[in-house]
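Q: Can you keep this structure in mind? I'll have questions shortly.
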Amino acid sequence: MVAVAVLVGAWLLVSYRGVTLEAQGQALLDRAHNQGITAAELSRGRQELDRARRFSADTSPLLTEGQLLDATRDRVGAARIATRLTKEEPENVGAWFLAYFTAGPDKARAKHALRELRRLNPWAADGLR
C-alpha cells in the first residue's frame with residue numbers, strides 16, 4: 001500500500017511539472033502575441049515545451065510550440081508542427097486551425113484544413129474562408 005502511494009505521489013509530481021512547464025509556454029505565447037519576445041526567450045520557451053512533452057501524453061505542449069512559432073513568424077516551423085499534429089491526431093481542432101493559418105500561399109493545404117475544421121466544428125470554422 002505504501003509503495004502504491006509513493007508511485008501515485010511521484011506520478012502527481014511529474015504531471016504537475018509538465019503542467020507548470022506548459023503554462024509557462026502558454027504565458028510566453030501570450031507575450032509573443034501582445035508585445036513580442038526575444039530569440040533567447042523563444043529558444044527557452046521551446047525547451048520548456050519540449051520538457052513538458054516528456055511529462056505528458058497530451059499533444060497540447062506541441063500545439064503551443066507551433067502557435068509560438070507562428071506568433072514569432074516562423075511559419076515553416078509552425079506548419080511542420082501542424083502537419084505532424086494533424087497526422088497524429090486528425091480529430092484535433094487546434095491542430096487544424098494551426099494548419100489553416102500556416103498554409104500561406106498553399107491554397108490546397110488551406111482548403112484541406114478548412115474542410116477538416118468544418119467537419120470537426122462547423123461553428124468554429126464559420127468565419128474562415
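The values are calculated or read from the model by the stated rules, or taken from the named source; none is laboratory data. As the structure is a prediction and not an experimental result, all values here were calculated from the model. Heads up, the Cβs are rebuilt from the backbone with ideal geometry, glycines too, and the neighbour counts pull from every protein chain shown.
Q: Please work out if residue 69 is farther than 23 Å from residue 121 by Cα, within 15 Å of the chain's Cα centre (by Cα) and at pLDDT 95 or above.
A: yes
Q: List pairs: first in the range 39-50 and in contact (Cβ under 8 Å) with a residue 12 or more places away in the chain and closer than 14 Å to residue 64 by Cα, second part of a helix (DSSP H, G or I) and of a type in the set (Ser, Thr, Tyr), Cβ under 7 Å, 6+ apart or cross-chain?
A: 49/64
Q: Could you grab me the full set of residues in the range 73-105 that are of a type outside the set (A, V, I, L, M, F, W, C), surrounded by fewer than 13 Cβ atoms within 10 Å (Cβ to Cβ) and within 27 Å of residue 36 (Cβ to Cβ)? Can you show your working first?
A: The initial filter retains those residues of the range 73-105 that are of a type outside the set (A, V, I, L, M, F, W, C), namely 73-75, 77, 80, 83-84, 86-92, 94, 100, 102, 104-105.
Okay, now just the ones that are also surrounded by fewer than 13 Cβ atoms within 10 Å (Cβ to Cβ), so 73, 87-88, 90-91, 104-105.
Correct list: 73, 104, 105.
Q: Do we have residue 54 as surrounded by fewer than 15 Cβ atoms within 10 Å (Cβ to Cβ), at pLDDT 90 or above and either within 19 Å of residue 24 (Cβ to Cβ) or not hydrophobic (A, V, I, L, M, F, W, C) (or both) here? Break it down into steps so the answer makes sense when it comes.
A: Values: surrounded by fewer than 15 Cβ atoms within 10 Å (Cβ to Cβ): yes; at pLDDT 90 or above: no; either within 19 Å of residue 24 (Cβ to Cβ) or not hydrophobic (A, V, I, L, M, F, W, C) (or both): yes.
Here the answer is no, as residue 54 does not meet what is asked.
Q: Being at pLDDT below 85, loosely packed, with under 10 Cβ neighbours inside 10 Å and not aliphatic (A, V, I, L, M) is the filter here; which residues of the range 1-46 pass it?
A: Of everything in the range 1-46, nothing turns out to be at pLDDT below 85, loosely packed, with under 10 Cβ neighbours inside 10 Å and not aliphatic (A, V, I, L, M).
Q: While we're looking at this one, here's another question. If you check 99, 95, which single one turns out to be touching a His at 6+ places or on another chain (Cβ under 9 Å) and at pLDDT 95 or above?
A: On the way: 95 fails: touching a His at 6+ places or on another chain (Cβ under 9 Å).
Going through 99, 95 in turn, the sole match is 99.
Q: Could you tell me how many of the residues in the range 55-77 are in contact with a Ser or Thr (Cβ under 7 Å, 6 or more places away or on another chain) and under 19 Å from residue 23 (Cα atoms)?
A: Result for the range 55-77: 2.
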